[in-house]
Amino acid sequence: MSIAGATASADLTKICPLVSRRTNPKYEADKTHVVRVKQVEFGAGRPVIIAGPCSVESAEQTLELAHAVKAVGADMLRGGAYKPRTSPHDFQGLGLVGLEILSEASLQTGLPIVTEVMDPRLVEQVGAYADMLQIGSRNMQNYPLLVEVGRLGKPVLLKRGMAASLCEWLGAAEYIAKEGNRNIVLCERGIKAYPSGEYSRFILDLNVIPALQSETFLPVIVDPSHATGVARMVEPASRSALEAGSHGLIVEVASERPGAPCPKCDAAQAISPTALGRIVEFARTCIGQKAEGRACAV
Ligand code: PEP
Ligand code: MN
């Protein structure tokens with residue numbers, strides 16, 4: 001069976017029967033599996049906005065940003081405690097201390113936390129603090145990690161590998177689902193394709209949103225920050241993603257307070273809380289996924 005009318009011929013009903021729409025008749029038509037993270041619901045009609053720093057750098061920085069994103073209407077807090085960096089000489093994240101800071105930020109604001117886990121041996125540790133575990137782009141096909149995260153049973157944000165096909169992406173989701181956990185939210189975060197790197201970091205693949213919605217019942221959100229790598233491009237990319245039917249966004253934010261330290265990681269793509277507020281406002285009025293009856297609560 002071909003994928004969403006494209007030329008690919010992979011049979012998703014065999015590769016990923018647990019997450020394929022075709023093999024799960026209760027998700028017929030355009031119904032979405034609602035993924036709950038505390039009070040937040042992905043795929044229920046209201047776009048979910050996740051925001052926060054790229055990396056947790058200090059308690060002051062993360063608490064300030066947590067309150068700032070909450071004030072403009074974000075639903076969840078992001079922030080990396082364990083960072084996948086190109087160079088081992090770069091800042092690697094605060095680790096356990098970063099997780100404790102995130103916990104405090106969640107306690108103070110009521111925002112649930114999503115944070116990345118990179119190492120199967122750390123799934124239990126990260127899971128003790130995170131409300132949702134993020135599998136980063138570089139680890140989408142780290143199968144032992146997917147199995148461990150699946151076994152933990154907490155909701156998962158599964159980012160697309162930067163050169164992954166739809167089939168490979170849903171195959172990765174199947175590893176998590178096979179462990180009994182279908183609370184998976186997919187995240188398009190830009191792919192490597194010519195001319196990525198020339199004027200933006202990656203190429204944001206908006207076509208994959210309706211393609212995924214044909215092939216799976218899992219909710220899908222978009223990361224406009226890593227997809228573009230350029231702060232100025234984050235707002236238009238966010239609006240386009242929501243119009244294309246994205247169930248939410250995950251956005252990197254940095255303080256606009258004079259004298260605030262420059263982020264150690266991904267500074268060029270961080271937007272201000274003020275700009276985030278405009279995105280939230282757009283999301284609350286965008287009709288992209290608002291049609292009644294699309295969510296499937298079971
Ligand atoms: C991130 O969200 O912090 C991140 C590293 O993203 P990605 O895995 O998409 O590069
Ligand atoms: Mn980042």
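When the residues of the range 238-247 are filtered to those that are over 21 Å from Gly52 (Cβ atoms) and in a helix (DSSP H, G or I), the one that is nearest to ligand 1 (Cβ to nearest atom) is Ser240.
In the range 266-283, the residues that are without any contact (Cβ under 8 Å) to a residue 24 or more places away in the chain and within 15 Å of Arg239 (Cα to Cα) form no Cβ pair under 9 Å with any partner that is open to solvent by less than 10 Å² (accessible area, probe 1.4 Å) and within 12 Å of ligand 2 (Cβ to nearest atom), whether six or more places apart or across chains. For Leu122, the test of being within 16 Å of ligand 1 (Cβ to nearest atom), farther than 24 Å from Phe202 by Cα and without any contact (Cβ under 8 Å) to a residue 60 or more places away in the chain is passed.
Check the range 132-153 and report whether any residue there is in contact with a Cys (Cβ under 7 Å, 6 or more places away or on another chain), in contact (Cβ under 8 Å) with a residue 40 or more places away in the chain and outside any helix (DSSP H, G or I).
no
Among the residues here, Ser200 qualifies as within 16 Å of ligand 2 (Cβ to nearest atom), touching a Ser or Thr at 6+ places or on another chain (Cβ under 7 Å), under 27 Å from Gln92 (Cα atoms) and of a type in the set (Gly, Ala, Ser).
Looking across the range 19-72, the residues that are part of a strand (DSSP E or B) and either out of contact with any strand residue (DSSP E or B) (no Cβ under 8 Å at 6 or more places or on another chain) or not aliphatic (A, V, I, L, M) (or both) come down to Ser20, Thr32, His33, Arg36, Glu41, Phe42, Gly52, Ser55.
Only a single criterion out of (1) open to solvent by less than 10 Å² (accessible area, probe 1.4 Å); (2) under 19 Å from Arg278 (Cα atoms) is not satisfied by Met233, namely (1).
Taking the range 154-170 as the search range and keeping residues that are assigned to a loop (DSSP other than H, G, I, E, B) and of a type outside the set (A, V, I, L, M), which one is most open to solvent (accessible area, probe 1.4 Å)?
For the range 154-170, the residue satisfying everything is Lys154.
This table checks each residue for (1) farther than 25 Å from Asn142 by Cα; (2) in a helix (DSSP H, G or I).
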residue	(1), (2)
Arg201	no, no
Pro236	yes, yes
Leu249	no, no
Cys262	yes, no
Cys265	no, no
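For the range 107-116, does any single residue satisfy the condition of being part of a loop (DSSP other than H, G, I, E, B) and open to solvent by 10 Å² or more (accessible area, probe 1.4 Å)? Looking through the range 107-116, at least one residue is part of a loop (DSSP other than H, G, I, E, B) and open to solvent by 10 Å² or more (accessible area, probe 1.4 Å).
The set of residues from the range 261-271 being open to solvent by 30 Å² or more (accessible area, probe 1.4 Å) and away from ligand 2 (no atom under 11 Å from the Cβ) comprises Pro261, Cys262. One residue stands out in the range 117-131 among those that are assigned to a helix (DSSP H, G or I) and open to solvent by 50 Å² or more (accessible area, probe 1.4 Å): the one that is nearest to ligand 2 (Cβ to nearest atom), namely Tyr129. Checking the structure you have, find out if any residue of the range 171-192 is out of contact with any Pro (no Cβ under 7 Å at 6 or more places or on another chain), open to solvent by 40 Å² or more (accessible area, probe 1.4 Å) and within 16 Å of ligand 1 (Cβ to nearest atom). The answer is yes; a qualifying residue exists. If you go through the range 21-30 one residue at a time, do you hit one that is under 19 Å from Val156 (Cα atoms) and open to solvent by less than 10 Å² (accessible area, probe 1.4 Å)? No - not one qualifying residue is present in the range 21-30.
Filtering the range 205-230 to residues that are crowded, with 19+ Cβ neighbours inside 10 Å, away from ligand 1 (no atom under 13 Å from the Cβ) and either assigned to a helix (DSSP H, G or I) or of a type in the set (Asp, Glu) (or both) leaves Val208, Ile209, Leu212, Gln213, Glu215.
The values are calculated or read from the model by the stated rules, or taken from the named source; none is laboratory data. Everything numeric here is computed off the predicted structure, so don't read it as measured data. Neighbour counts run over all protein chains shown; Cβ positions are idealised from the backbone, glycine included. SASA here: full protein model, heavy atoms, side chains in, ligands and nucleic acids out. Shrake-Rupley method; radii C 1.70, N 1.55, O 1.52, S 1.80 Å.
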